[in-house]
1. For a quick check: with amide H placed at 1.01 Å from N, whose amide H comes under 5 Å from Leu255's, ignoring anything fewer than 5 positions away on the same chain?
2. Ignoring ligands, DNA and RNA, what percent of the accessible area of the chain is carbon or sulfur (1.4 Å)?
3. Consider all pairwise Cα distances in the stretch 245-322 and report the whole-number % of them above 20 Å.
4. Rg/Rh for the stretch 223-270: what does it come to with C-alpha atoms and Rh from Kirkwood?
5. Over the chain, with a Gaussian network built from C-alpha contacts below 10 Å, which listed residue (Glu52, Glu137, Glu183) shows the highest mean-square fluctuation?
6. Please express the Cα-Cα pair-distance distribution P(r) of the stretch 178-294 as a list of whole percents, one per 10 Å bin, running from 0 to the bin with the greatest distance.
7. Would you mind getting me the FRET efficiency between Lys49 and Val286? Use the beta-carbon distance for r and R0 = 41 Å, nearest 0.05.
8. Could you pull out every residue, at least 5 positions away or on a different chain, whose amide H is within less than 5 Å of the one on Tyr298? Hs are placed 1.01 Å off N in the peptide plane, and Pro or chain starts have none.
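The values are calculated or read from the model by the stated rules, or taken from the named source; none is laboratory data. Please read these numbers as outputs of a predicted model, since none were measured by experiment. Every residue, glycine as well, gets a Cβ built from its backbone with ideal geometry; the counts of neighbours run over all protein chains shown. Only protein heavy atoms, including side chains, enter the accessible area calculation; ligands, DNA and RNA are left aside. Shrake-Rupley method; radii C 1.70, N 1.55, O 1.52, S 1.80 Å.
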Amino acid sequence: MILLTGATGYIGSHTWLELLQAGQRVIGIDNFINSSPKVLARLEKLSGKKLEFLQGDVCDPVFLESVFQSFPIKGVVHFASLKAVGESYSNPLLYYENNISGLIALLQVMQKHSCHHFVFSSSACVYGDPDVSPVKEDADLKPENPYGQTKLMSEQILRDLEKSDSKWRVAYLRYFNPIGAHESGMIGEDPNGIPNNLSPLVARVAAGRMEELKVYGNDWETPDGTGVRDYIHVVDLARGHVKAVEHLLSGKPSLTVNLGTGVGYSVMDVIRAYEKVIGRPIPYRVTDRRPGDVALYYADPSLARDLLGWCAERNLEQMCADSWRWQSQNPMGYES
Ligand SMILES: NC(=O)c1ccc[n+]([C@@H]2O[C@H](COP(=O)([O-])OP(=O)(O)OC[C@H]3O[C@@H](n4cnc5c(N)ncnc54)[C@H](O)[C@@H]3O)[C@@H](O)[C@H]2O)c1
């Protein structure tokens with residue numbers, strides 16, 4: 001059985017579905033700090049299976065102990081963390097507490113229960129402003145913000161743990177920029193409060209839920225002046241986790257891989273692709289750059305292909321079409 005933390009969140013919910021469809025038994029946990037319990041009924045409908053889920057906090061060792069006592073957990077996929085870069089500047093202690101204490105509490109309980117397979121949600125944030133793109137996994141690690149620091153520190157904690165006991169097997173998955181939604185339109189990204197990432201923001205502007213999209217700077221050193229990122233469809237990303245779980249459970253060694261497409265798209269490319277899908281213009285306004293943002297980066301995803309046999313299959317148009325299906329079928333997210 002696989003434990004998913006942060007299971008009702010954006011990437012967690014899509015991964016849960018893919019793991020069930022790949023035949024894995026899954027127990028999900030979440031405290032709903034950034035997700036809705038309503039995702040559970042949607043996942044049951046999509047998977048045709050009764051879900052196993054417990055509400056609780058990964059920073060709570062008593063809760064974690066009860067989860068490990070109740071289920072035969074062979075491996076953990078750890079999504080639960082806070083992820084808003086801006087908020088991590090204004091409230092760094094919250095980020096260090098949640099993301100680092102949660103990780104340590106989880107690893108301690110795993111160790112006690114002799115469970116040593118761990119898939120970690122790392123981020124391209126660990127590279128900061130990379131010197132070159134495509135970015136390889138051996139690039140310098142120099143996060144630009146407290147959120148990215150929590151990811152690098154978490155990687156360090158896990159690497160030290162691996163050195164202390166050879167039974168540990170860790171997949172460090174460095175995600176680039178997940179967007180899109182499940183093709184059914186039944187699950188998607190629905191953050192509490194004001195979204196922080198481009199995809200839900202474009203979707204909300206397209207739906208008229210927000211007046212205009214802010215484009216943070218058009219004077220970057222990129223072909224059209226707007227920031228360039230490696231957008232990856234969330235279902236492709238979820239499938240990368242299935243491969244990582246299978247890799248670790250089959251006894252293969254730890255790995256550190258980028259999960260991206262290898263293609264960089266600018267903010268304007270995303271706006272244009274979205275406009276094509278909805279058939280009308282997206283209102284936007286160029287504003288100042290945001291602190292901690294960088295001009296351009298995209299992944300070299302070849303190591304994930306070589307080690308996991310995984311590569312992203314969906315293009316930008318599919319990402320935008322699926323995002324729009326989710327948004328238009330659920331104008332107020334899960335509360336619709
Ligand atoms: N979405 C991205 O752009 C992106 C990029 C790189 C890495 N990541 C990482 O991937 C993981 C999943 O991201 P996501 O986009 O699905 O975010 P999300 O906010 O949608 O999901 C995270 C989930 O974790 C839960 N959670 C947070 N703290 C918790 C705690 N203490 N106890 C229990 N549950 C808790 C939240 O309620 C939420 O459901 C995170 O670790 C994030 O840092 C995300």
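1. Val170, Ala171, Tyr172
2. Numbers: 7180 of 14110 Å².
Carbon and sulfur together cover 51 percent of it.
3. On the way: 1585 of 3003 pairs.
Of all Cα-Cα pairs in the stretch 245-322, 53 percent lie more than 20 Å apart.
4. Values: Rg = 14.8 Å, Rh = 12.7 Å.
Taking Rh as the inverse mean 1/r over Cα pairs, Rg/Rh reads 1.16.
5. Glu52
6. That works out to 11, 37, 32, 14, 5, 0, in percent per bin.
7. 0.35
8. Placed amide hydrogens put Val135 under 5 Å from Tyr298.
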